[in-house]
Protein chains: 4
Amino acid sequence: MTLPDRESQGRRLRAGIVGGGNGAFIGPIHRIAAELDGQALLVAGVLSSDPARAMRAAAEWRLPRAYEDFRTMAIEESRRKDGIDFAIIATPNDLHAPVARAFLDAGIPVVCDKPLALSAAEADELVRQVEASRLCFALTHPYAAYPLVREARERVARGALGELRRVVVEYQQDWLREPLEHEGHKQASWRTDPQRSGPGGCIGDIGTHAQHLLEYVAGRPIVALCADLTSFVAGRVLDDDANVLLRLEGGAKGVLTCSQIACGEENALTLRLYGAAAGLEWRQQEPNTLIWKPADAPWQLIRTGSSTAGVQARLATRTPAGHPEGYIEAFANIYSAFIADVRRCHAGETPIGGYPTVQDGARSMRFIQAVVESSRNGASWLAL
Amino acid sequence: MTLPDRESQGRRLRAGIVGGGNGAFIGPIHRIAAELDGQALLVAGVLSSDPARAMRAAAEWRLPRAYEDFRTMAIEESRRKDGIDFAIIATPNDLHAPVARAFLDAGIPVVCDKPLALSAAEADELVRQVEASRLCFALTHPYAAYPLVREARERVARGALGELRRVVVEYQQDWLREPLEHEGHKQASWRTDPQRSGPGGCIGDIGTHAQHLLEYVAGRPIVALCADLTSFVAGRVLDDDANVLLRLEGGAKGVLTCSQIACGEENALTLRLYGAAAGLEWRQQEPNTLIWKPADAPWQLIRTGSSTAGVQARLATRTPAGHPEGYIEAFANIYSAFIADVRRCHAGETPIGGYPTVQDGARSMRFIQAVVESSRNGASWLAL
Amino acid sequence: MTLPDRESQGRRLRAGIVGGGNGAFIGPIHRIAAELDGQALLVAGVLSSDPARAMRAAAEWRLPRAYEDFRTMAIEESRRKDGIDFAIIATPNDLHAPVARAFLDAGIPVVCDKPLALSAAEADELVRQVEASRLCFALTHPYAAYPLVREARERVARGALGELRRVVVEYQQDWLREPLEHEGHKQASWRTDPQRSGPGGCIGDIGTHAQHLLEYVAGRPIVALCADLTSFVAGRVLDDDANVLLRLEGGAKGVLTCSQIACGEENALTLRLYGAAAGLEWRQQEPNTLIWKPADAPWQLIRTGSSTAGVQARLATRTPAGHPEGYIEAFANIYSAFIADVRRCHAGETPIGGYPTVQDGARSMRFIQAVVESSRNGASWLAL
Amino acid sequence: MTLPDRESQGRRLRAGIVGGGNGAFIGPIHRIAAELDGQALLVAGVLSSDPARAMRAAAEWRLPRAYEDFRTMAIEESRRKDGIDFAIIATPNDLHAPVARAFLDAGIPVVCDKPLALSAAEADELVRQVEASRLCFALTHPYAAYPLVREARERVARGALGELRRVVVEYQQDWLREPLEHEGHKQASWRTDPQRSGPGGCIGDIGTHAQHLLEYVAGRPIVALCADLTSFVAGRVLDDDANVLLRLEGGAKGVLTCSQIACGEENALTLRLYGAAAGLEWRQQEPNTLIWKPADAPWQLIRTGSSTAGVQARLATRTPAGHPEGYIEAFANIYSAFIADVRRCHAGETPIGGYPTVQDGARSMRFIQAVVESSRNGASWLAL
């Protein structure tokens, strides 16, 4: 348990990062997002699992403190008077849990990439450690942090959609449409390797974003699924394409479809919900418009930053209407809420959340396992 | 078998219609589409199953010859020197096969609404009669007759998409989201009544359009499916919502999702195909743009009437680029090809097709039955 | 003056056409549009100024009566018991007035392509003849006949936009971006020739559509303008590009910009109006959506065929929401209202209009002349 | 002239800000943008012209050093060993030049909001001072710093558009459609006050962005203009709406239209260029798509972060394709290039630019003055 650290209230928090320095795009995004609101500074890191690369990258990033391995970093930072206030985990999936445990052991709050772990069992263990530690823990599902996703969730929650009936969530990419993993592509290599990525390929990498987004906005869980996974690229062990029938608590039904071989698609995460009174549609690639589809009335275009969006959307917005907010700003919304919670802990107050949790991460692991099992059973139905 | 009627070459063909006069939108569409290219004129009809209404409607339509029942019309027209050259069937589903049989018996070619019949067995019987009669028979799947759907099919056929991997076809409406059938709504009443509509509700009414469109463009059949049907509106017997996992010949997989309770959707039929070399997307509500998604190159917007569309699209187009063509023009493309075939028969030539056939109709009946059976079996897989 | 011809009430009207058979796209459009609603049939024509071509084309079109020149046609048709009920003029601009006068002289109502004449003086003369004859006369500005243009006009008329402040109307094409007129391109040749096209090039051919659309929807006239015309293609005498500042009655200001050398544009006619209470936007290439932009509320997408469009739009619509209506259907809306007026005249009733008039045509001629004069004066302001 | 400060290479630069703390949105944007790439930290500021507010705001922003007036800040910071490396000016327009001069006098590089000054004369004086000082100076036209605007400029520069013929640039907002300046709205008050805003209202505030964007992408200047300014809101002295005819060097013509009373528009800055070989279109509100319109080929959608964008776009991009970049990231691109230049100066190297300059600012002041003068002369032509 962290003791009150009232001195932190007058300064930016200090952050350290593990991973993210090897040409992965996500490392720099974490740095920018963590620092965006002027509430934190990145001061330490293990930017690569290769010690020499780690030191070189830290110099490029101008990090005051570079480490060769994460365990050393966790211990040393926990002992410094000016040690980091939280750790960021941006490694391949297999290291998420070990790194998280090391920092939690050292009493340091954690922001971790998804999926949380290699298995539901490993995830559950992490949940227990977080709960025991009472340390703040955030999982980075940035898509759910866009202003208009919050608007959508708020509308569903207040019943504006009516009884939820039908859901369609998609996530389509094409970057794995060729066997890049055999051509030395670092990102492709670990993501298609079950030892490093876990049991899900596409379904773990992006399907979990879709599942989380859907459940977050719908405000209710998937209770059963029937999944058909495919590995279209020859020689690939993990799935690169998934089609899943869904049933949600309360009777809604729908489809989750995701792919990393959908030729021509960049990052097409799209959510549509249909209730008895209205429908809604949100597209991540044009995230500043939420299409609202009321019964017997014209479609409305709800816009980020406009007076027509509600309070949750406005709290997540930094610019006036018509000044597009993007992926980085959404990502920063997770950090903003997480940092506020860390400050609350420092002040001896109770954290209030507002970002994806370790429990969300464990749920997604169960989702991955259910999808994989359903598919192995000939695409049969499974409860989740 | 029709004897050569060389005199028809110098005049418009004469058409008769059964149904379509009771406030259904589809009757007038058939008339406009049949006449659009100046190749046919509607001269006779039974516009309603209620004789008094039938006569009144015929006067409004200025039809020279009105009948009180379709059997009389078939017989009398077949005996006139200036009798109709073909019959149009725009009745509820339960009359499709009986009316078709009556005109075929009278030696008169037929254009028939979909779905073809009330069951696969009834459809197969009709197939046999058409094949024996050697009369022209067209089924009206107008969505597949848009210029850019033909462009899409042509591109798939010449291999521009590469190995087909992934398909998503949707058809979303909302007009049955309330129990209109209990409020005296004529269209809703017969469409939700298994006696008049057949075993499929939404899946028969619009799901068959989606299935036909997909197979037409993909150029290969669905070979297995797993369907989850729902009747969301209380008291409704037939499905008003359907989610179906698909497997296609050759290994492609995908999803067919359709609904008549998708709040806010008008007529959102959308097709997306993804191959190893390119993807494509077409949206019925903006039918004059085909999105082409090549690997590693920008998306291209192929447009109706432009020089960038191929020969099949151009043959189906009447206006220059930028002058939108709509649903009626697509519908007329079926008539245009059908009438040309009737003229070929009159001239003693072999018909060449280019429109949906009675066999397509029988296939859709098997599709409906497979979907219904799969859903009844707890959404289990079935071969098609 | 036409005598009451009560026998016409029970039959389709008979139409004759002059021009349109030489590969021009507009001839077949006139035929389809005139016949679309089952109220008229094309039975006679002079399809080309070359007699041999005229006869050949008439056979292809299966016209019962073909003529070699329009004067003969006017006289002979006026003498037949089954003569045409109205004439359609689809010739190059220089023949509009002479042909119209011939048919009016013969007591035959006229539908005429725009621009009405070669000069304002010639147009005014035609106005006088039409007014004296009391014959029906329609000018084909089809873009103003789309359902949602009527919706826009209705909204402005009932004050929903508030005080009109700002207008932007555009019409961009690219088909004249190369000197096609020197390469034997028939359409390009006459359109770039002041002897056949009149004083305006682009501004006459498409600028008048933009001017008419703007004034029709805004419900008030342009009162002053400042125009900068250009002939970008070497050797071209008439303008192929125009930028015009506008002032409207009542204080609104704006811009009309049109071009036939705007590379990549097909037929991009777009209208935007901004009032004190709302804005609106309509794009001809996606004509089934009207964007409504109220102050302090989300944009609304008003759709053709939906219950959210008003009565004027619904009267101009043939299909349910989500079934796109296109250019031909808009064109047919002019014929539908014109034919109803001809029938009224036959019945001895007063015509009620609902389509562009000969006076509208004369106004557009004054618009063309003002634009040309303003531009010649160094783009100075002129009253209109 | 700044002496080489080699120690700065290993650390983030230190920045100070004047203005931006009074509820203006632009202050926080400057902070985020300046710090985004981890190359600078905001450490000092005068956040308000009211000393008490200034101190309070600095505490909220957690600024280590707060000042009550900008002159003191300039002098004191220039004397500190850890003084700021550059100053940011985010005040109303009337203070731009005085504040800039104070920092330049103190040898401190400057990033300044636009428009640069209250008059062309004042701007020219500032140009002379910057040139004499050899200090880095950046003007914040963030819209020109979007990745795909750079792509557009690169394409024009390499001739891909062919001879430039036609330009249309728009900037439409609606936030001043009511007399907010009489209701105590701070932003509206100074922006509509000629003493604080300069001679241009809408044309100065947003018209200059449009002018700069156009000239930046086109790579050539406007050489003559004819402008019609209006103040639609009663009692407003400065224009809130502008329509301008343009002629560019080399013969291209076009239109600049901007408004702050265009009801329903948020921040609709749009640029379209048409050459002899291709056209292009970019819309600030969906900034991650550039529409490329080649002659006789389909439109292409060039996307931020994709392999289909060129080197200039990629250098300005932080996320992979499909992860939207927004306004803040574009703004940060100015800082990124400016900071690199400041570092070059510290290292004794020559700055290389890549951001809008003080000369660009002076040009925009001449543009504003020409527009105002043209409009006063009855919208007559003026050379620029």
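Please treat every number below as a calculation from the coordinates, not as lab data. Quantities reported herein were computed from a predicted structural model and do not represent experimental measurements. Please note: Cβ atoms are built from the backbone with ideal geometry, for glycine as well, and neighbour counts cover all protein chains shown.
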Alpha-carbon spread of the stretch A:103-150, three principal axes, descending order, Å: 36, 23, 14
Per residue Cα convex hull volume in Å³ - calculated over the stretch D:67-191: 178 Å³
Value of Rg to Rh for chain A (Rh from inverse mean 1/r over Cα pairs, i.e. Kirkwood): 0.96
Pairs of alpha carbons in the stretch D:1-136 whose separation is greater than 20 Å (percent): 42 percent
Estimated distance in nm for a label pair at B:Ala121 and A:Thr72, the labels positioned 7 Å out from Cα along Cα-to-Cβ: 8.0 nm
DSSP-defined antiparallel bridges as percent of all bridges, chain C, nearest 5: 60 percent
Inter-site label distance for B:Ala59 and D:Glu286 at 7 Å from Cα along Cβ, in nm: 5.2 nm
Binned Cα-Cα distances of the stretch A:217-278, short to long, each 10 Å bin given as a whole percent: 18, 42, 29, 10, 1
Choice from D:Glu373, D:Glu329, D:Glu183 with maximal GNM fluctuation in chain D (Cα, 10 Å cutoff): D:Glu183
Peptide ranges B:223-235, C:191-203 listed from the most packed, as the mean C-beta count within 10 angstrom indicates: C:191-203, B:223-235
Amide H partners (placed H, <5 Å) of C:Ala138, local residues excluded: C:Val110, C:Val111, C:Cys112
Virtual paramagnetic centre 7 Å along Cα→Cβ of B:Asp296, amide N under 16 Å, in the stretch D:296-328: D:306-310
Most fluctuating residue given options C:His212, C:His96, C:His185, as computed from a GNM of chain C linking Cα atoms under 10 Å: C:His185
For the stretch D:178-252: Kirkwood Rh in Å [reciprocal of mean 1/r, alpha carbons]: 13.5 Å
Residue among C:Pro287, C:Pro98, C:Pro115 with the largest mean-square fluctuation in a Gaussian network model of chain C, springs linking Cα atoms under 10 Å: C:Pro98
In Hz, Karplus ³J(HN,Hα) per residue of the stretch C:129-136 (6.51, -1.76, 1.60; θ = phi - 60°; x = Gly, Pro): 5, 4, 5, 5, 6, 6, 8, 5
Computed magnitude of the charge dipole of the protein assembly as shown (debye, nearest 20; Cβ of K, R +1, Cβ of D, E -1): 0 debye
Relative contact order of the stretch B:53-174, defined on C-alpha pairs under 8 angstrom at six or more residues apart (%): 17 percent
Partner chain coverage, peptide A:280-291 - average Cβ within 10 angstrom: 3
Ascending count of other beta-carbon atoms within 10 Å, so fewest first, for D:Arg80, B:Arg150: D:Arg80, B:Arg150
Within 10 Å of each Cβ in B:264-271, the average number of Cβ atoms from other chains: 6
Expected 222 nm ellipticity per residue - DSSP helices of 4 or more, -39500 (n - 2.57), all of chain B, to 500: -10500 deg cm²/dmol
Label point 7 Å beyond Cα along the C-beta direction, distances from D:Glu178 to other copies (nm, shortest first): 3.4, 5.5, 5.7
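Partner chain Cβ atoms within 10 Å, averaged over the residues of A:238-246 - can you pull that number for me?
The shielding value for this peptide is 4.
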Net charge dipole size for chain C [Lys, Arg +1 and Asp, Glu -1 on Cβ; Debye, nearest 20]: 920 debye
Axis-nearest residue in chain B [Cβ, rotation onto D], distance in whole Å: B:Gln300, 3
For C:Arg62, distant residues with modelled amide H under 5 Å away: none
Sequence-distant residues sharing a close amide H with B:Cys263 (under 5 Å, placed H): A:Gly275
Charge dipole magnitude, Cβ of K and R +1, D and E -1 - the stretch C:32-97, Cα centre, debye nearest 20: 200 debye
Which of D:His141, B:His182 has the fewest Cβ neighbours within 10 Å, and the rest in rising order: B:His182, D:His141
Whole-Å distance, taken between Cα centres, linking the stretch D:305-384 and the stretch C:137-172: 38 Å
Contact order normalised by residue count of the stretch C:260-378, Cα under 8 Å, 6+ apart, percent: 11 percent
Highest-first arrangement of B:106-113, C:260-267, where packing means the average Cβ count within 10 Å: C:260-267, B:106-113
FRET efficiency estimate (nearest 0.05) - Cβ-Cβ, D:Ala157 to C:Arg314, R0 35 angstrom: 0.10
Rg ratio (alpha-carbon, reference 2.2 N^0.38 Å) - the protein assembly as shown: 0.97
Percent RCO, i.e. relative contact order, over chain C, from Cα pairs under 8 Å lying at least 6 residues apart: 21 percent
